[in-house]
Amino acid sequence: MKRVVVTGLGLVTPLGVDRDQSFSGLLAGEDGHRRVTLFSTAGYTTDRGGEIAVVPEPGLPRKHLRRMTRADRLGLVSAEQAVAQSGISDAGLAPHRVAVVMGAGAAGLHEAYEFFKAREQGGRSVLRHHFGEIQSSTSRWVAFRFGFEGPRACPSTACSSSLTAIGLGMRWIRSGEVEAAVVGGAESLSRLTFSGFNAVSALGPEPCSPFARHRRGMSLGEGGAALVLEGREHALARGAPVLAEILSFATSADAHHMTAPHPEGRGAAQVMRNCLDQAGLSPGQIGLVGAHGTATPANDKAECAALREVFGEAATGLPVVSHKSGVGHCLGAAGAVETAFAVMALGADTIPPNLRISDVDPECAPFDFPAAARPDAGLEYVLKESFGFGGSNAALILGRGDRS
Amino acid sequence: MSVDRVVVTGLGCACASGTGIEELRGSLATGHSGVVIEGEDRAAWKLGPEPVTFGKGVSKMALRRLDKTMRMALHAARQAVLQAGLDTSEERHRFGLVVGTGFAGSGTSLEYMRTDWKDGPSLANPSLFPNTVPNGPAGQLTIQLKLRGPLTNFFDAGVAGENAVAYARSEIVAGNADAMVVCGVDERSEPVVALESVYARAAGERHPDGLLRPFGNARSGATFGEAAGVLVLESEAHARARGATVLAECGPVARRAEATPPGTRSDHPGMLAAVAAAALLERGWEPADLGFVSAAACGSPEFDRMEAAALRAILAGTATMVPVVALKGYCGELSSSGVLRAVMAVLSLEEGFVPPSARVGVVDAELGLSVTAGDAPRPLARGRILQLGAGAGGGLTALTLSRP
């Protein structure tokens, strides 16, 4: 089977405007949550969120920039970083051999909220953004920026959207449909999601504490993350940096409830197991789990139940991290942001820390939740998982880039 | 396990020209479009009967949580699963689901946002929030139909349906699922209606009567409809082993996407022709082998001209021989039309006819194609159909359907 590797990474997160700044912030245990200024938070449970202070400008003329949503910018800037690192746009590939798959959950709804509100209240409502392509516009801007004419898709499965985007890109390369793909996702904070999670009582009053006994809910974040994927042989032949390998990908349905996870994590266990089977790995070979870890009481409990079921004896002491404690829940971008961190963790052979984890919930036993960065971790394989509204589960397994 | 052939074993629909398969079959046989235009009120492009009647088999408790797209999707999916004879009474992790949509969640999103800005955060309606996500129908279908296999959702302007078909095929071919329910669903929600006229103005289209006349000489623009279409796709081996009736074979989806910014219309006949050629090559077909081409024509003056140019290039010497059918007159323009049009194509294979294009008016002779029109079908000379897909998002697709 054709092997697929990561040759470029881009990140814009509340911890930094590029991958290195974001990752060093993550390892240092910095907290990207701050007071949200993008809109008024009066009346909500919290005023904290992983807001990005200054969104960098992508390299397109002003006439295009003014038509981009905040999420589009986050996605495009991260794609620019990833493409630059991989050099894929100068690899001599025909334009239709490079796909673009950027997932999104509520991307663009920040602008949509303001547009429809102004329109209804008789204010100035200029339609600058392309609401007919509201979630899929990020993919399109990336394709336009680099002239990639391969297939394009926008998986939108709420919080597992961008993990699915990565998996799709991997499969399209594996099947030979394309040779390379820019994959990832972008999401901006928005009134709709802030208000919605507040209304369903999922939003906690403080920055979130995944897996902690006294966790009180999620906190929202925003970000963009992109990965360049390509066939391993192609990458090696052109001397591209091989940062990691994607070994397997799976999705599943809980078929249980629109917003609550299955209490035993049934669908979650199924995707994890499918990923291990496809990769031909045993649970004991996984050195780190990049958890979904939203810090809602229900998610963390169900996720740990699924992990226990799949890992069995190997669950004891298995390192588990949720980056949502540092950057918030980036919804549609979460899977890609966290996968990018996992790729960097493999490259640095360092397990990043969980924040605010001093008091682990006994229901989240028997895992190891590192509270400080752990270098020389001997990482070989990382399991990354994301679970979305509607019981939409996705997972993938990453291996080191230097595997022969 | 690897699978070579993927077949269709079930069909379902909910559209203006048929709220069930037999009604749609009758509409195709007579060229009757149920799409209603009432004066200036383009909202009359809505589905005839209110989807509240689509709740058969769903408890009132559950039904009240389903928004319009969910009800349409569920109505169509039940028909398809029933026809396929898939036993989903036991929860089945080998049966999966994929949905393609351009507007699912848009109506509920606006409704929710309105409660937020009107009533304030403390009164925002929590019961609406789960249905704001574009993968709401996907989540509800898995719950109602107890599908626990692979699950995802595509949000792609114009080709969401084709991306869903491609995903379903990939899961079946990889051996991750025995059968996939593939649903395309879109609603003509308040935001869609509000944005439609803005887009038409931006495209320089004067579209006063809202009539959609694909390939017609008086065509003046596209109008969004609302509909659901469902296919059950299955590995041929699985279908034969359980004695299911095989309705058609579904070939791979060939696809590319224009590297143009959001808001621009497709203008690359060469790329569309290349995609069509790739789909034919996959099956080893010559253009002259085709029974008909199902066009993406939506009534937009420029888009239809572009597609006609692509078709002339593909069909070359056969241009006046191979019939071209524009099916969007039966349902309106949909981001997910690829699935519903595939349903109509399979019905045509079953009936052995080339259906008339509905609502074309007088065919534009300058296009140089043999476009069907009128109220009577032609006999189908060859049981092979090429279906093109395209839309506002810049994606271009081609898929093939054939007699088993």
* To do: Using Cα pairs closer than 8 Å and at least 6 residues apart in sequence, work out the relative contact order for segment B:254-402, in percent.
  => 36 percent
* Relative contact order for segment A:4-237, counting Cα pairs under 8 Å that sit 6 or more residues apart, in percent -> 31 percent
* Any idea what the relative contact order of chain A is, in percent, if you count C-alpha pairs under 8 Å spaced at least 6 apart? -> 24 percent
* To do: Give, as a single signed number, the net charge of other residues whose beta carbon lies under 12 Å from the beta carbon of A:PRO61, with Lys and Arg counted +1 and Asp and Glu -1.
  => +4
* Dividing the Cα radius of gyration by the Kirkwood radius, what Rg/Rh value follows for the protein assembly as shown? -> 0.95
* Once you sort the root eigenvalues of the Cα gyration tensor of chain B as a ≥ b ≥ c, which label holds: rounded (a/c under 1.5), prolate (a/b larger than b/c) or oblate (the other case)? -> oblate
* Where both residues lie in the protein assembly as shown, what percent of DSSP beta bridges are antiparallel, nearest 5? -> 65 percent
* Per-pair calculated FRET efficiency, R0 = 51 Å: B:ARG206 and A:ALA314 via Cβ, rounded to 0.05 -> 0.15
* Structure fact -> Counting only DSSP beta bridges fully inside chain B, the antiparallel percentage to nearest 5 is 65 percent
* To do: Set the Förster distance to 45 Å, then compute FRET efficiency between A:ALA84 and B:ARG242 from the Cβ-Cβ distance, nearest 0.05.
  => 0.30
* Asked: A:ASP402 label point, 7 Å along Cα→Cβ, cut-off 18 Å on backbone N: hits in segment A:223-240?
  -> A:236-237, A:239-240
* Asked: Given R₀ = 60 Å, FRET efficiency for B:LEU281-B:ASP119 by Cβ-Cβ distance, to 0.05?
  -> 0.55
* Entries of A:LYS117/B:LYS68; A:LYS301/B:LYS118; A:LYS301/A:LYS324 with Cα pairs more than 26 Å apart -> A:LYS301/B:LYS118
* Just order B:362-370, B:341-349 by mean Cβ neighbour count inside 10 Å, highest at the front, would you? => B:341-349, B:362-370
* Any idea what the alpha-carbon Rg over 2.2 N^0.38 Å comes to for segment A:1-135? -> 1.26
* In terms of the Cα gyration tensor, with a ≥ b ≥ c the square roots of its eigenvalues, is segment B:269-371 rounded because a/c is under 1.5, prolate because a/b exceeds b/c, or oblate? -> rounded
* Asked: If Lys and Arg each add +1 and Asp and Glu each add -1, what is the summed charge of the other residues whose beta carbon sits under 10 Å from the beta carbon of B:SER402?
  -> +2
* Asked: Taking the alpha carbon gyration tensor of segment A:249-400, what are the square roots of 5 times its eigenvalues, largest first, to the nearest whole Å?
  -> 21, 17, 15
* Structure fact -> Computed over the Cα atoms of segment A:4-237, the Rg and Dmax in Å are 18.2, 59
* Full-stretch length increase - A:SER282, A:GLN121 - with 0.36 nm per residue and alpha-carbon distance subtracted -> 52.1 nm
* Asked: How large, in percent, is the carbon and sulfur part of the accessible surface of segment A:317-356 at a probe radius of 1.4 Å?
  -> 63 percent
* **For segment A:383-398 versus segment A:157-225, the gap between their alpha-carbon centres in whole angstrom** => 10 Å
* To do: Sum -39500 (n - 2.57) across every DSSP H segment of at least 4 residues in the protein assembly as shown, then divide by the residue count to get the 222 nm mean residue ellipticity, nearest 500.
  => -10000 deg cm²/dmol
* Does chain A come out rounded, prolate or oblate by the C-alpha gyration tensor, with a ≥ b ≥ c the root eigenvalues, rounded set by a/c under 1.5 and, if not, prolate when a/b is larger than b/c and oblate if not? -> oblate
* Cα centroid separation - segment A:8-29 against segment A:269-283, whole Å -> 29 Å
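The values are calculated or read from the model by the stated rules, or taken from the named source; none is laboratory data. Keep in mind it's a predicted model, so treat the numbers as computed, not measured. Cβ atoms come from the backbone with ideal geometry, glycine included; neighbour counts cover every protein chain shown. When the accessible area is computed, the model is the full protein with side chains, heavy atoms only, and any ligands, DNA or RNA have been set aside. Shrake-Rupley method; radii C 1.70, N 1.55, O 1.52, S 1.80 Å.
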